[in-house]
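Before any comments, here is the structure.
Derivation of every value follows stated rules applied to the coordinates shown; laboratory data play no part. For clarity, every value in this text was computed on a predicted model and none was experimentally measured. Using ideal geometry, Cβ is built from the backbone for each residue, glycine included, and neighbour counts are taken over all protein chains shown.
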Ligand SMILES: Nc1ncnc2c1ncn2[C@@H]1O[C@H](COP(=O)(O)OP(=O)(O)O)[C@@H](O)[C@H]1O
Ligand SMILES: [Mg+2]
């Protein structure tokens with residue numbers, strides 16, 4: 001949808017050019033909406049420096065759903081928050097680049113970021129209450145969101161809010177717009193937050209574990225809703241989850257994150273059907289196969305390294321059944337298999353991996 005037909009004011013993003021020179025991670029999207037390069041986030045704490053994100057590079061193409069998957073603590077949320085200027089932590093050091101539609105987000109002044117947030121990029125969270133205020137009706141909160149970014153009358157904004165609530169599947173939207181967040185169930189509240197995030201037809205929607213707190217049926221409905229709206233508005237989506245099942249249901253492309261790094265990256269179908277990294281094998285093992293009872297989670301023995309005790313070399317080596325001497329050197333994230341846009345960071349030789357995967361899957 002051209003920006004002139006979007007209701008919201010178009011922020012002044014005048015910088016030209018998208019990203020720096022092509023890197024391996026660039027190979028996946030020629031003209032990305034978002035290009036993240038070597039993003040690093042470190043927190044100074046009393047106990048020492050916590051390296052939460054360690055050189056993350058990826059791109060999001062217009063209209064695609066990029067899934068980011070990894071266990072809790074792998075740096076998924078911190079990488080998104082740091083990009084969006086939402087870390088709000090004086091002890092955090094953020095370096096690297098995140099170019100959105102040509103404009104650098106890292107270090108962008110708050111005033112300018114505010115014009116992009118909630119307008120061209122919006123976020124939905126695991127807990128809708130982090131975005132919703134308990135003391136205002138949901139309709140009013142959507143109205144406020146619209147009026148923050150656009151010059152429209154209250155009556156116009158209200159009718160758009162009701163339309164949005166209807167669109168995300170809130171029954172009797174006209175009446176429900178006058179309800180408070182606590183009067184909705186968890187799934188319905190998540191729908192309200194989606195309505196709010198779509199108020200200005202963002203080009204990029206970042207959904208951080210949007211279905212984690214929901215039962216399986218509601219989870220599926222919310223994923224379908226995000227997919228439908230994404231198709232309708234042509235927005236790009238970054239979908240963050242710890243669940244490979246969510247990835248295979250909703251993502252076009254996937255990044256597997258471990259200890260603040262991308263360890264595998266590629267098209268969803270390729271990564272799910274022909275995973276290359278032993279960590280991805282473990283994550284996929286956590287999905288019950290058809291006819292199989294749900295397995296105990298997690299299926300990967302051990303815990304991720306604490307952010308303070310990152311080993312040199314491959315961060316997964318301590319939990320990896322296939323670790324070898326070479327793993328004390330950090331493997332690069334490169335295409336080692338047949339497909340150019342299927343990247344992984346592992347030293348295992350190709351033919352060994354083919355064999356092992358058969359055995360593990
Ligand atoms: N304010 C903070 N101070 C220190 N460490 C933090 C802070 N916020 C997050 N971290 C650490 O950063 C790492 C990544 O966290 P996070 O991005 O929330 O993981 P995920 O979203 O993948 O579950 C975790 O180890 C977490 O403990
Ligand atoms: Mg998180």
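Here are the numbers for this structure:
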| quantity | calculated |
| --- | --- |
| Potential lengthening between residue 335 and residue 46 on full extension [0.36 nm per residue; Cα-Cα distance subtracted] | 100.1 nm |
| Distance cut-off 13 Å, percentage of C-alpha pairs in the range 175-230 lying past it | 61 |
| Hull-based mean projected area of the range 200-250, where the convex hull spans the alpha carbons, in square nanometres | 3.4 |
| Most to least packed among 195-204, 333-342 [average Cβ atoms within 10 Å] | 195-204, 333-342 |
| On Cα atoms only, tilt of 350-360 relative to the major axis of the chain in degrees | 70 |
| Antiparallel %, DSSP beta bridges [both residues in the chain], to 5 | 60 |
| Burial order of peptide ranges 53-65, 129-141, 147-159 (average beta-carbon count within 10 Å, highest first) | 53-65, 129-141, 147-159 |
| On Cα atoms only, tilt of 216-233 relative to the major axis of the chain in degrees | 70 |
| Between helix 138-149 and the chain: long-axis angle, C-alpha atoms, 0 to 90°, nearest 10 | 80 |
| Radius of gyration, Dmax [the range 48-191; alpha carbons; angstrom] | 17.6, 53 |
| Translational D in µm²/s for the range 46-104 (Stokes-Einstein at 10 °C, 1.306 mPa s, Kirkwood Rh from C-alpha pairs) | 120 |
| The chain: calculated mean residue ellipticity at 222 nm from DSSP helix runs of at least 4, using -39500 (n - 2.57) | -8500 deg cm²/dmol |
| Pairwise FRET efficiency - residue 88 versus residue 172, Cβ, R0 = 41 Å, nearest 0.05 | 0.65 |
| Whole-percent pair-distance distribution, where bins are 20 Å wide, for the alpha carbons of the chain | 29, 57, 14, 0 |
| More than 19 Å apart - percent of Cα-Cα pairs taken over the range 112-209 | 34 |
